[in-house]
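S.K.: Dropping a structure here in structure tokens format, bear with me for questions.
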Amino acid sequence: MSEVSIQLNPDSPKPKKVKKKRPPQTREETARSNRRAMIGSIIIGSIAVHAVALVLFGLWTVAKHFSRPEARFEMKKVVKIPPKTPEHKMNVARHEAMAPRPTFNDKLVSTRPTEFALPEMPEVNLDQMLPLDPSELISDQVNGLVGSAALGSGLGQGLSGAGGTGEGMSFFGVKANGDRILLLFDVSASVVNKAEAAGIPLERIQEETIKMIGTLPISSQFSLIQFTGNYMPFTDELIAATPKNKELAKSWVEERWVTSGSMSSSTNGVVNNLTGIVGILERSIKMRPDVIFLISDASFQWRPEGGSAYSNVPYDEIKDVVETLKEELRQDVPIHFIAFEPKSDDSAQWTKIVRKTGGEFRELKEK
């Protein structure tokens, strides 16, 4: 038998393990190891940055939740102007029509002595300045709602007095359209005689005038002036064709109408005038009509220098004042001339003048 020796001493030293040495890395292995380390560092850095960003965003969200301001409710005042309705326009027009006309009672006063005295302000007829019945008043603005066709019926054809067509107005057969009507009546002795010779006395003209005024719509305005050399206006300005004003005009025509053929400047309401028809037309410009009816014999005299000698008014002067009428009112103002037995020369001249304004020249003769 072979001899086997067994060592039973536990304290005997163990044999040392000998580590095998790794072979040295090649360049390729070293480069590959460096790339892996760099990629790992990038990934770890990115994860760390995202983790920090997430932590900061979470902290900001939590802080915002706890620091949110309390809810506040505010009501802002909105100023809104409602649109104007036709009813509002009518109320404004009625209010403007109710306003009294300005008075001229104040006098000019000087604060220091002067060598001359200032004249007193002219007296103004206050009858037409008094407020009228509001139901009867209306402004010019209403005319836009009414239209030109609302001027009602005329006085008919010629002197027969038949009804009109409902479009515009008619006076002794002369038709016209307008909202601001002015009637000029020559009541001199020559016209009185010629009118009576034609079978149309001034009383008939009065009747036709009253009829025409009665047909005017409430949206229109009107006035009258009767003249010889001097003149007498019904009102200083055109007035609304209300029922009350129509009654005043009727009373004025019936009571104040001049039938004697003369008009003294001392008569109440008469204005002294030395320039004849020129002065009448100049006064008409201030009343701002849009249509004029002129009743005369087409023969006009004046004495602009005073004295007692009269002379015929030059037609150049008449043409100038008619041109001024157009320039002042910035529109053509038709002048409709109704003549009693005019002379041929006067008829030819006035026909040219009124046709240039868009008006008509008509001679009235006994039928």
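The values are calculated or read from the model by the stated rules, or taken from the named source; none is laboratory data. All of these numbers come straight from a predicted model, not from anything done at the bench. FYI the Cβ positions are ideal-geometry reconstructions off the backbone, even for glycines, and counts take in every protein chain you see.
S.K.: Does Thr235 satisfy the condition of being over 22 Å from Ala195 (Cα atoms), more than 37 Å from the chain's Cα centre (by Cα) and among the β-branched types (Val, Ile, Thr)? Can you show your working first?
M.R.: On the way: over 22 Å from Ala195 (Cα atoms): yes; more than 37 Å from the chain's Cα centre (by Cα): no; among the β-branched types (Val, Ile, Thr): yes.
No; evaluated as a whole, the condition is false for this residue.
S.K.: Continuing with this model, one more query. Could you please find all residues in region 229-274 being of a type in the set (Val, Ile, Thr) and touching a helix residue (DSSP H, G or I) at 6+ places or on another chain (Cβ under 8 Å)? So that I can check it myself, show each step before the final result.
M.R.: Looking only at region 229-274, we keep the residues that are of a type in the set (Val, Ile, Thr), and these are 235, 239, 242, 253, 258-259, 267, 270-271.
Residues satisfying the conditions are Thr235, Ile239, Thr242, Val253, Thr259, Val271.
S.K.: When region 319-367 is examined, which residues are found to be aromatic (Phe, Trp, Tyr) and at pLDDT 90 or above? Break it down stepwise before answering.
M.R.: Within region 319-367, the first condition is being aromatic (Phe, Trp, Tyr), and the residues that meet it are 337, 340, 350, 361.
If the condition is that a residue be aromatic (Phe, Trp, Tyr) and at pLDDT 90 or above, then Phe337, Trp350, Phe361 are the ones that fit.
S.K.: Out of the helices (runs of 4 or more DSSP H) lying entirely within region 139-225, which hold 2 or more residues that are of a type outside the set (Lys, Arg), modelled with pLDDT under 80 and over 14 Å from Ile338 (Cα atoms)? Outline the logic, then answer.
M.R.: Details: elements: 143-146, 189-197, 202-215.
Fully inside region 139-225 and qualifying: 143-146.
S.K.: Name, by its number, the condition in (1) under 31 Å from the mean Cα position of the chain (by Cα); (2) among the aliphatic types (A, V, I, L, M); (3) more than 20 Å from Ser170 (Cα to Cα) that does not hold for Val354.
M.R.: For Val354, the exception is condition (3).
S.K.: Residue check: is Ala195 buried (at least 21 other Cβ atoms within 10 Å of the Cβ), within 30 Å of Ala97 (Cα to Cα) and out of contact with any Cys (no Cβ under 9 Å at 6 or more places or on another chain)?
M.R.: On the way: buried (at least 21 other Cβ atoms within 10 Å of the Cβ): yes; within 30 Å of Ala97 (Cα to Cα): no; out of contact with any Cys (no Cβ under 9 Å at 6 or more places or on another chain): yes.
No; evaluated as a whole, the condition is false for this residue.
S.K.: So which residues in region 212-231 are of a type outside the set (S, T, N, Q) and over 32 Å from the mean Cα position of the chain (by Cα)? Don't jump to the end; show me each part of the working.
M.R.: Pass one, region 212-231, residues of a type outside the set (S, T, N, Q): 212-214, 216-218, 222, 224-225, 227, 229, 231.
Within region 212-231, Phe227, Gly229, Tyr231 meet the criteria.
S.K.: Same structure, new question: Going through region 283-298 one residue at a time, which ones are among the acidic types (Asp, Glu) and touching a Leu at 6+ places or on another chain (Cβ under 9 Å)? Reasoning before the result, please.
M.R.: First, the residues of region 283-298 that are among the acidic types (Asp, Glu): 290, 297.
Answer for region 283-298, where residues must be among the acidic types (Asp, Glu) and touching a Leu at 6+ places or on another chain (Cβ under 9 Å): just Asp290.
S.K.: Would you mind telling me which numbered condition in (1) in contact with a Lys or Arg (Cβ under 9 Å, 6 or more places away or on another chain); (2) part of a loop (DSSP other than H, G, I, E, B); (3) more than 24 Å from Lys326 (Cβ to Cβ) Asp236 fails?
M.R.: (3)
S.K.: Residues Glu28, Glu87, Glu96: which one is at pLDDT below 85, surrounded by 10 or more Cβ atoms within 10 Å (Cβ to Cβ) and not in a loop (DSSP other than H, G, I, E, B)? Full working, then the answer.
M.R.: Values: Glu28 fails: surrounded by 10 or more Cβ atoms within 10 Å (Cβ to Cβ); Glu87 fails: surrounded by 10 or more Cβ atoms within 10 Å (Cβ to Cβ).
Testing whether each residue is at pLDDT below 85, surrounded by 10 or more Cβ atoms within 10 Å (Cβ to Cβ) and not in a loop (DSSP other than H, G, I, E, B) leaves just Glu96.
S.K.: Now for a separate question. What is the number of the single condition among (1) surrounded by 21 or more Cβ atoms within 10 Å (Cβ to Cβ); (2) touching a residue at least 24 places away in the same chain (Cβ under 8 Å) that Glu203 does not meet?
M.R.: That leaves (1) as the condition not met.
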